[in-house]
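Chemist: This is the structure I want to talk about, given as structure tokens.
All of the numbers you see were taken from the coordinates with simple rules; none came from a lab. Please read these numbers as outputs of a predicted model, since none were measured by experiment. Every residue, glycine among them, receives a Cβ derived from its backbone with ideal geometry; neighbour counts consider all protein chains shown.
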Amino acid sequence: MAERVAIVTGAGTGVGRAAALALAKDGWAVVLAGRRREGLEETAKSAAPAKTLVVPTDVAKPDEVKALFAAAVKQWGRVDLVFNNAGLNAPGVPLEELPVEKWQQVVDVNLTGVFLCTQEAFRVMKDQTPRGGRIINNGSISAHAPRPDSSPYTATKHAVLGLTKASALDGRKYDIAVCQIDIGNAATEMTERMKAGVKQADGRIAEEPRMDVAHVGHAVAHMASLPLEANVQFMTVMATKMPFLGRG
């Protein structure tokens with residue numbers, strides 16, 4: 001039996017991999033979830049000799065989410081932490097040109113996926129002994145200050161913020177702490193384009209500072225380390241000089 005068991009979605013790259021590695025370093029047994037087995041296995045190799053379990057999962061599919069949690073319980077008997085990190089973005093095109101299929105894909109993963117994992121976490125955490133656990137949702141600075149041509153991503157991250165608040169209240173009676181981390185410009189494949197410049201609110205194209213993604217992993221591990229009587233309800237970790245505060 002592992003003492004502490006974490007599920008990390010989107011664990012094959014970027015923020016998910018950084019969080020999984022930080023948790024493994026802190027002694028967590030980590031279930032690595034994501035759509036591509038190859039990336040998950042690379043994360044598992046980097047986490048060695050920590051206890052890891054690779055479970056390829058599409059979080060937008062209810063049956064696969066149920067199987068993910070069942071695998072964690074079968075392997076280690078419980079789930080103490082879920083980091084809802086898996087996410088998609090849509091092409092940066094004008095809103096009126098966005099195919100509805102792209103909108104739906106982003107909603108399915110970024111919002112419905114978080115709901116499905118939260119729902120299954122509640123089912124497991126409220127019935128285990130000791131009872132309870134923690135859920136950390138990956139929000140975004142986009143929920144507070146959107147970029148141009150980002151309606152699907154921004155809308156889902158606003159919705160995740162609402163889901164975090166509502167499920168935090170619903171989880172209290174089960175000793176489940178729900179919280180959110182908002183991330184700005186971590187250096188991952190998703191933000192690689194920022195080195196060449198991205199569109200600003202005034203239409204300019206400008207390069208934006210980024211930060212080492214390992215800082216996000218450390219932040220998630222800190223949130224996870226707290227006893228359930230304490231909660232970092234919202235945390236923002238961002239590149240210090242990115243254009244978020246003020247007017248650029």
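Chemist: Below 16 Å Cα-Cα, how many Lys pairs turn up in the stretch 5-238? Only count pairs eight or more apart in sequence, or on different chains, if you could.
Modeler: Here the count comes out as 9.
Chemist: Restricting to DSSP H runs of at least four residues, report the calculated mean residue ellipticity at 222 nm for the chain, -39500 (n - 2.57) per run over all residues, nearest 500 deg cm²/dmol. Before the final figure, lay out each step's value.
Modeler: Numbers: 7 runs with 92 residues, N = 248.
Roughly -12000 deg cm²/dmol at 222 nm, from the helical runs in the chain.
Chemist: Would you be so kind as to identify which of Ala47, Asn85, Phe115 lies farthest towards the positive end of the dipole of the stretch 5-238, taking Lys and Arg as +1 and Asp and Glu as -1 on Cβ and the Cα centre as origin?
Modeler: About the Cα centre, the residue reaching furthest to the positive side is Ala47.
Chemist: Evaluate the distance, in nm, between pseudo-label points positioned 7 Å from the Cα of Glu229 and of Lys66 along their respective Cα→Cβ axes.
Modeler: 3.8
Chemist: In the chain, what percentage of the DSSP-assigned beta bridges are antiparallel, given to the nearest 5? Intermediate results must be reported in sequence, preceding the final value.
Modeler: Numbers: 2 of 32 bridges.
Bridges in the chain are about 5 percent antiparallel.
Chemist: So if a site counts as exposed when it's one of the trypsin sites (Lys or Arg not before Pro), its DSSP state isn't H, G, I, E or B, and it has at most 13 other Cβ atoms within 10 Å, what's the longest stretch of the chain without one? Present the calculation step by step, with values, prior to reporting the outcome.
Modeler: On the way: sites that count: Arg36, Arg131, Arg204, Lys241, Arg247.
No qualifying site falls inside 37-130, the longest such stretch.
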